[in-house]
Structure formats: structure tokens, C-alpha cells
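Single-structure report; data block below.
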Amino acid sequence: MNILLINHYAGSVHHGMEYRPYYLAREWVRAGHRVHIVAASHAHLRRQAPAIAGHDRLDEDIDGIHYTWLRTPAYAGNGAGRVRNMLAFVARLWREGPRLARDFAPQSVIASSTYPLDIWPAHRIARLARARLLHEVHDLWPLSPMELGGHSRHHPFIMLLQAAENHACRHADAIVSILPRVREHLEARGMAPHKLHLIPNGVDPDEWPDTASRGQCADTPARGAQALPPALAAMLSGLRAEGRTIVGYAGSHGLANALDTLLDAAHLLRQRPIAFVLVGAGPEKESLRRQAHALGLDHVHFVDPVPKRAIPALLARFDVAFLGWRRQPLYRFGIAPNKLLDYMMAACPVLHAVEAGNDPVAETGCGVSVAPDDPSALAKGLARLLALDPRTRQALGERGRRHVLDHLSYPVLARRFLTVLAPETHHA
């Protein structure tokens, strides 16, 4: 089957986030399908931009996947520059549509760019190629910019986004959602009930060791895995030698990540032999440093980001991993954090501060969940985890790892996706 996957923000292991299109496509290629990904040349999520230079487009093969990068203007933040970038990509895609339909001859076309504007050129390509059209939901737009950004439903760009979402719900042959609680919302916008399929985010098991031993390096290195930077490895070993339990976080340091609540909980637990290790970067990192200094939290350690391939080695050193959220009504549609899957694959028990339409930690029994934005509840939840004997905590972590391997690895998810792409030849 020829699969055309349109995702403005698609990356690869070479470019950085977002990874989902790459991992799914790689599995489809391994299964004997041809995959063509079309993405924008500039996206804020990527670590490395494609080398498009002065060209309008760049074609290249990455691990058997054919990529077409379409030139789009650079931007920063979520203002007018990002909107121009979106519109430029959609316009370029519209112009490239007939060529893609003719030269690649897709049998399935997937519109998957977070925002739904790509549904119109994707629908055009699908019609020209007589292909099946799928719409993939990552976040709910325009609801996300309305509820998170305070934009009016009457703003022209919001109205355009709403028209696109409605078009996707009415005209796509199938809709795949990463979020688990979207059915009522999408049906209200014209989706027929039978069209919805839930396929969450996943992990590549090849990037993880066969076993993950809490508090030390993994026993069996994964293919392509990296060791921790020597200074970080020495710091973590030193904390362990002091008899401290390591509570870790690895990811972005932004408002949405609720790390200020974790620092307040650390203050409540300052007499306990705990070390809090926050690894990553983001707009709130300096503010969090100042908060930790003001509270006298000398047991909180801020660390620079580590390469993606060093994440398994990092998480193997954590005794407990933290994931926090703000109390946000938009989460009623569910959450699907990649960071949590990393924690679970590392067999790390999770401290989860959340209020959402789903709670993967509670559902899989791989840790303790507490209310968000509540330092006291967070401190009590952590105390509950630390009161467990190490063998019991390890069992929590192994429960999460087993769930991911059985249900959320990309080989498993890619096969599920194929049943949606070609239902007449696959049976769930």
C-alpha cells in the first residue's frame, strides 16, 4: 500500500520531535508498504531543521521513508508568525497536491498536522488519487487556542479552524484520535460514530534495554543507547551514596508542567532524605531556580537536557518519576503524554498530579495519582510511594513497562493503524 502522511511538524530520530509519524512510518515500511511523509521545513518542535537551503522543497529518504520538506517561514512563539507558517504550509501543500496524487499514487492519505487546516489539501489529493482519507487528531483545534489562549470563537482564524474541523469530521473516511475522550465532541461536529478509532502515542522498544534496574545503569544496553554525561552520572551516584532517594523529572520546564508545585512539595519534605533532580530546559527554568533558591531547597538539582538516546540511562537512576499537570478543563478530553511512556518503559514508579478524562497511571497501577496544583497532596502521595518497600515499588514500575510493551509499542500501534488504513484487508 502507498501511504501519504501529511504532518506539518513531522520529524525523525535525526531531527527531533515530533516522532510519532516517523515511528509509525518506519513500521509500515518494515511491513512492506511505501510511505511518503510531507512536512514543513520549519517547526518549533524540531531540534534540527532539514537542510533545505535556498530551495522551495527538499526530497530525501530517511530509513526507508520518503520525506518531502516544503519551505515555510521561520517563527517563534504562538503569535502571527506561527499562523503565517501554517498557512504557508497548507498553501504549498495545495499546490503540490496534484503532483503528489499523480507521482506517488497514494491509496491512503492521512491529514495529521495538529491543527486541521491540512484536511482540505489532503481531501483534494485523496479525491485525485481515489484514495482513502483519514484525519488524525492530536489536539482539539480550534478548542485548544480558545480555551488555552482565550481566543474568541468569532475570531476569523478560529472560524477557519472550526470550518476545517467540521470538514474533517464530515468527509474523512476514518478519524484516528490520540486523545481517548473525544467521541462526543467530534460527533457534535458531524462525525459518524463508526469512523472513530483510538490509537494513542507509543514507544520504540528497540531504544530501551531489556531490563531496567532501579537506581543503577540498565543491565542490557539498547541498540544505539547513550551513556549519561560523566558529570551527571557522578552527581547521581553521589546522591545515591548519601542515601538519598532520587525523585526525577525529565522534560520541558514550562508552566503546563507544574514543576513549581513539585518544588513546593519538596519544601514540605525537606527533612526527608530525598533528592529532586529536574532534567531539561524551558521558559520557566530560571524562575524555578529562583523559587528553589528562595525556599532554600539545596536538595533540588537542575540539570541540562540529555540526548534522547540517553533517556533510558537517566530514568534507570530515578527511584520515582514525576509528571504534573495544571487543572485545566481542556484535559477532560484525555491526555496522552509521551513522557509518561518513557517513565513506564523504564519501569519507574510514577508520581502523577492530574485531573483529566483519563489517568494512565491509575488505570495501569504503575504509581500514585494525586490532585493537581496541590503541594500538600503531592507531598503525601510521594510519601506513600516512599513508604513502600523497594520490591513493591519495583513491581509498580514493572506493571507499567509490561502494559507499554503489550499495548503501546509502535509495532503494535502500527498494525492497529493499518486496520484503519485498509479495513478490507485487515481485521481487528
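Just so you know, all these numbers are worked out from the coordinates, no wet-lab data involved. Since the structure is predicted, the reported quantities are computational estimates derived from the model, not experimental observations. Backbone-built Cβ (ideal geometry, glycine too); neighbour counts: all protein chains shown.
A few notes on this one:
- Counting beta carbons within 10 Å around each of Asp103, Asp260 and listing the fewest first gives the order Asp103, Asp260.
- Distant-in-sequence amide contacts of Ile246, defined by a placed amide H-H separation under 5 Å and a gap of 5 or more residues or a different chain, comprise Ala275, Asp319, Val320.
- Nearest 10 degrees, 0 to 90: helix 20-30 Cα axis against the chain principal axis: 70 degrees
- The chain: angle of helix 375-387 to the longest principal axis, Cα-based, in degrees nearest 10: 70 degrees
- Sequence of Met17, Met345 once ranked by neighbouring C-beta atoms within 10 Å, starting from the fewest: Met17, Met345
- With contacts taken as Cα pairs under 8 Å and at least 6 residues apart, the chain reaches a relative contact order of 12 percent.
- Entry note, the range 205-407: relative contact order of 22 percent, from Cα contacts under 8 Å with a spacing of 6+ residues.
- Nearest-ten-degree value, helix 390-407 long axis tilted from longest Cα axis of the chain: 10 degrees
- Under 21 Å from the Cα of Lys339 - lysines, other chains or at least 8 residues apart: Lys285, Lys308
- Equivalent-ellipsoid semi-axes of the chain, from the Cα gyration tensor, Å, largest first: 38, 23, 21
- The chain - share of DSSP beta bridges that are antiparallel (%, nearest 5): 15 percent
- By average C-beta atoms within 10 angstrom, highest first, the peptides 178-190, 106-118: 106-118, 178-190
- The distance linking the range 23-89 with the range 336-350 is 27 Å (Cα centroid to Cα centroid, whole angstrom).
- Going by neighbour counts of Cβ atoms within 10 Å, the residues Trp141, Trp208 line up, fewest first, as Trp141, Trp208.
- Taking only Cα atoms of the range 205-407, radius of gyration then Dmax in Å: 15.7, 45
- Extension gain, Ala51 back to Arg326 (0.36 nm per residue minus Cα-Cα distance, nm): 95.3 nm
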